[in-house]
Amino acid sequence: MLATVQSKLCSSVGGGTAVKKVEPLPPEYADDIDLQLMARVKAGDDEAFNQLMLRHEKTVVNLVYRFTGNREIAGDLAQEVFLRIYRASGRFEAKAKFFTYLYKVTLNLCRNYRAKAQRRQTTSLSAPRSGMSGEDLPTRDIEDPVGSAEEQVSRLELSAMVRDAVESLPEQQREAVILQRFQGLAYEEIAEALNLSVPAVKSRIHRAKLNLKEKLTPYLERGESVA
């Protein structure tokens, strides 16, 4: 991905700019490595951008996949996230942790993608979503591979159902759940990323959990009765 982004940047901005003096960070963020790198990027240091991208590209690809449900376009959208960050670096101000800015750029791009995809969607609602088949699920969703074939299939089915249930949540609830469940952010961090108060974040996650429980309870009850 790094080589591709570098190529796009060279073709669009003429191969980089002269490095300027690096602006000092606010005292509360002076020890933040990502913000230090971003300050260097703002000054025209392309190597700092390479380091920043290497530190976060897996996180961004994973986050894009979670938000869009489409593994095939995750890499392309992740590239666009970093291109936008680079192109806007001259206007960047260190007013929060870097991850907050990173998540906001990623969220906005994914929201735009989903809105466009919904407008042009012509396939049947029953058709499987790209990248969401059981055989393509990340192994992290199956914590214990030990057991009978039936048990492993059951875990795969449950993982797929959880993904489908999360995907079906209202967008605001889904975003909050993904940031908490898959990115491991605290309420305060989610609030920063979504421009919300902590109580509003807790409310969204609470409603999301109620919706997920309602959607998944029938499946879980069937599993218990079979057992």
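The values are calculated or read from the model by the stated rules, or taken from the named source; none is laboratory data. For clarity, every value in this text was computed on a predicted model and none was experimentally measured. Cβ placement follows ideal geometry from the backbone for every residue including glycine, while neighbour counts extend to all protein chains displayed.
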Note to self: Take E57 and tell me if it is modelled with pLDDT under 95 and over 16 Å from the mean Cα position of the chain (by Cα).
What the structure shows: no
Item checked: Members of segment 19-44 that are under 20 Å from E80 (Cα atoms) and more than 26 Å from the chain's Cα centre (by Cα) -> G44
Note to self: List the helices (runs of 4 or more DSSP H) inside segment 21-122, counting only whole elements, that have at least 2 residues being surrounded by 20 or more Cβ atoms within 10 Å (Cβ to Cβ), of a type in the set (S, T, N, Q) and in contact with a Leu (Cβ under 7 Å, 6 or more places away or on another chain).
What the structure shows: none
Check: Counting only residues that are among the polar types (S, T, N, Q) and in contact (Cβ under 8 Å) with a residue 24 or more places away in the chain, which one in segment 62-109 is nearest to V166 (Cα to Cα)?
Finding: T68
Note to self: Return the residues of segment 131-171 that are under 16 Å from the mean Cα position of the chain (by Cα), modelled with pLDDT of 55 or more and surrounded by fewer than 16 Cβ atoms within 10 Å (Cβ to Cβ); say none if nothing qualifies.
What the structure shows: E167, E171
